[in-house]
2 protein chains.
Amino acid sequence: MHHTTEHDILKESIHKLRETGVRITPQRQAVLNYMIKSDDHPTADDIYKALVDEFPNISVATIYNNLRLFKDTGLVNELPYGDASSRFDFITSAHYHVICTECGKITDFNYPALNEVETLAKHVTNFDITHHRMEVYGLCPECAENTSKS
Amino acid sequence: MHHTTEHDILKESIHKLRETGVRITPQRQAVLNYMIKSDDHPTADDIYKALVDEFPNISVATIYNNLRLFKDTGLVNELPYGDASSRFDFITSAHYHVICTECGKITDFNYPALNEVETLAKHVTNFDITHHRMEVYGLCPECAENTSKS
DNA sequence: ATAATTGCAAACGATTTGCACTGCG
DNA sequence: CGCAGTGCAAATCGTTTGCAATTAT
């Protein structure tokens, strides 16, 4: 029995990156490591703020560059939200998200993948379907509480 | 037997707006009318371009103001897409969307509402669920054709 | 009459880009 | 060493805002 640790995931991810001919810089590794350890779904700015102590000169451009790279490599998912900042999610297993419309909090939500939706969409529209996105919106318990009080 | 025409929908929508104490300006009515007649899912800029002939001085701010108003009144849905422009959809009946990742084309897609997802999400997360969003992505037939050729 | 709406331009915020410099391999 | 990656500032783009002028009611 082998237990996969965060450290293993980091090593494996770095390996995957090297395979595509990408250099492992300290900044890149720090962003990657932050994504792996992060439980929530950070924005680019969240990551910037978290790393600026260790890398006083790091720039947001570097954060964005690396997030795009990780996305292209399939390590990270981007969750875009209209006018607001995108949130980023290190890909462990497939899951959906429940999002608070008041405070923006994102909670993971396990639900069987809606494969039949993709199949039907393919038949009906003749699109070459690649993926889908599903999100549930509402008020998180805290915001619901605050709203009912006021 | 009564057949609902676009003109009826317009009249009904205007009535709904008046009820909330909103003034019916020519620009407002033009945006509304465009939304009702539009088969695709226009961006604010699409609407601007479509109306600038009739209203040479109309500004994007007015388009956005009215779209926000229609959204608040429940006449129109906004479909935000990350860094790109939001698209707007006059609400007739509930449906999902299939979106081309290459050209951005949006096709309506009828599928029974995923109510059980909302119910489960409510139980699992204790959120006060209000709605959900589901979209299927892929290549539209035209883009798939072009991709395979190159 | 008067408060809501318009149009304009400036502001904003997230993200991208150009480019000289740095440092990983 | 050479070229990919960084950091900086400026640019971009969708959207919002402040405000004076207009207009629906």
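The values are calculated or read from the model by the stated rules, or taken from the named source; none is laboratory data. In this text, all values refer to a predicted model and were calculated from it rather than measured experimentally. No Cβ is skipped: glycine too gets one built from the backbone with ideal geometry, and neighbour counts run over all protein chains shown. Side chains included, ligands, DNA and RNA excluded: accessible areas come from the protein's heavy atoms. Shrake-Rupley method; radii C 1.70, N 1.55, O 1.52, S 1.80 Å.
Find the relative contact order for region B:93-150 and round it to a whole percent, using C-alpha pairs within less than 8 Å whose residues are 6+ positions apart.
Contact order relative to length: 42 percent.
Under 10 Å, Cα contacts only: if you run a Gaussian network model on chain A, which one of A:K49, A:K11, A:K122 comes out with the highest mean-square fluctuation?
A:K122
Pop out the ³J(HN,Hα) list for region A:131-142 in order, Karplus 6.51 cos²θ - 1.76 cosθ + 1.60 with θ = phi - 60°, rounded to Hz; leave Gly and Pro as x.
For region A:131-142, the Karplus curve yields 6, 9, 9, 9, 9, 10, 10, x, 9, 5, x, 5 Hz.
Where a ≥ b ≥ c are the square roots of the eigenvalues of the C-alpha gyration tensor, would you call chain A rounded, which needs a/c under 1.5, or, failing that, prolate if a/b is larger than b/c, or oblate?
Values: a/c = 1.80, a/b = 1.18, b/c = 1.52.
The shape class here is oblate.
Going by the rotation axis that takes chain B to chain A, pick out the residue of B with the closest C-beta and quote the gap in whole Å.
B:M134, 2
I'd like the interface area for chains A and B: accessible area of each alone minus the complex, both sides summed, 1.4 Å probe, protein heavy atoms only. What is it in Å² to the nearest 100? The partial results should precede the final answer.
Working: alone 10270 and 10280 Å², together 17630 Å².
Summed over both sides, the interface buries about 2900 Å².
Going from most exposed to least, what order do B:V136, A:V22 have by accessible area with a 1.4 Å probe? Don't skip to the end; give the middle numbers.
Values: B:V136 0, A:V22 25 Å².
Listed by decreasing accessible area, they come as A:V22, B:V136.
Suppose R0 equals 30 Å. What FRET efficiency, 1/(1 + (r/R0)^6) with r the Cβ-Cβ distance, do A:T119 and A:K49 give to the nearest 0.05?
Details: r = 42 Å, r/R0 = 1.41.
E(calc), rounded to 0.05, equals 0.10.
Round to a whole number: what % of the accessible area of the protein assembly as shown belongs to carbon and sulfur, probe 1.4 Å?
Working: 8530 of 17630 Å².
About 48 percent, which is the carbon plus sulfur part of the accessible surface.
Run through the other copies and list how far each one's label point is from that of B:N126, in nm with one decimal, shortest first; the point sits 7 Å from Cα along Cα-Cβ.
Distances to the matching label points in the other copies: 5.1 nm.
For B:L10, which inter-copy label distances result when the label point lies 7 Å beyond Cα on the Cα-to-Cβ vector, reported in nm to one decimal and in ascending order?
6.3
Could you pull out every one of the lysines with an alpha carbon less than 20 Å from that of A:K49, ignoring same-chain neighbours closer than 8 positions?
A:K37, A:K105
Before anything else, pin down the relative contact order of chain A: Cα pairs under 8 Å, at least 6 apart, normalised by residue count, whole percent. Display every interim value, and only then the final one.
Values: 141 pairs, mean separation 25.0, N = 150.
This gives 17 percent for chain A.
How long are the three semi-axes of the equivalent ellipsoid of the protein assembly as shown, in whole Å, if each is the root of 5 times an eigenvalue of the C-alpha gyration tensor, listed from largest down?
Details: eigenvalues 297, 107, 95 Å².
That gives 39, 23, 22 Å for the three semi-axes.
Karplus couplings for region A:30-38 from phi (6.51 cos²θ - 1.76 cosθ + 1.60, θ = phi - 60°), rounded to Hz, Gly and Pro as x?
Couplings: 5, 5, 4, 4, 4, 4, 5, 7, 6 Hz.
For A:I91, which sequence-distant residues (separation of 5 or more, or a different chain) have an amide H within less than 5 Å of its own amide H, given hydrogens modelled in the peptide plane?
Amide H neighbours of A:I91: A:V76, A:N77.
Connecting C-alpha atoms closer than 10 Å in a GNM of chain A, tell me which of A:T125, A:T25, A:T107 has the biggest fluctuation.
Result for chain A, Cα springs under 10 Å: A:T125 fluctuates most.
Hey, can you grab everything whose amide H is under 5 Å from the amide H of B:I129? Only 5+ residues off in sequence or another chain; H modelled, so Pro and N-termini drop out.
A:L139
Considering only protein heavy atoms, what per residue accessible area in square angstrom results for region B:1-110 with a 1.4 angstrom probe?
On the way: 6580 Å² over 110 residues.
Computed with neighbouring chains in place, this is 60 Å² per residue.
Quick one: putting +1 on the C-beta of Lys and Arg, -1 on the C-beta of Asp and Glu, what dipole do you get for region A:69-143 around its Cα centre, in Debye to the nearest 20?
60 debye
A:D108 label points, 7 Å along Cα→Cβ, one per copy: pairwise distances from this copy to the rest in nm, shortest first?
List, nearest first: 3.8 nm.
I need the phi-derived Karplus couplings for region A:11-17: 6.51 cos²θ - 1.76 cosθ + 1.60, θ = phi - 60°, integer Hz, Gly and Pro marked x.
Along region A:11-17, the couplings run 4, 5, 5, 4, 4, 4, 5 Hz.
Using the alpha-carbon centroid of each, what span in Å lies between region A:124-140 and region B:13-46?
27 Å
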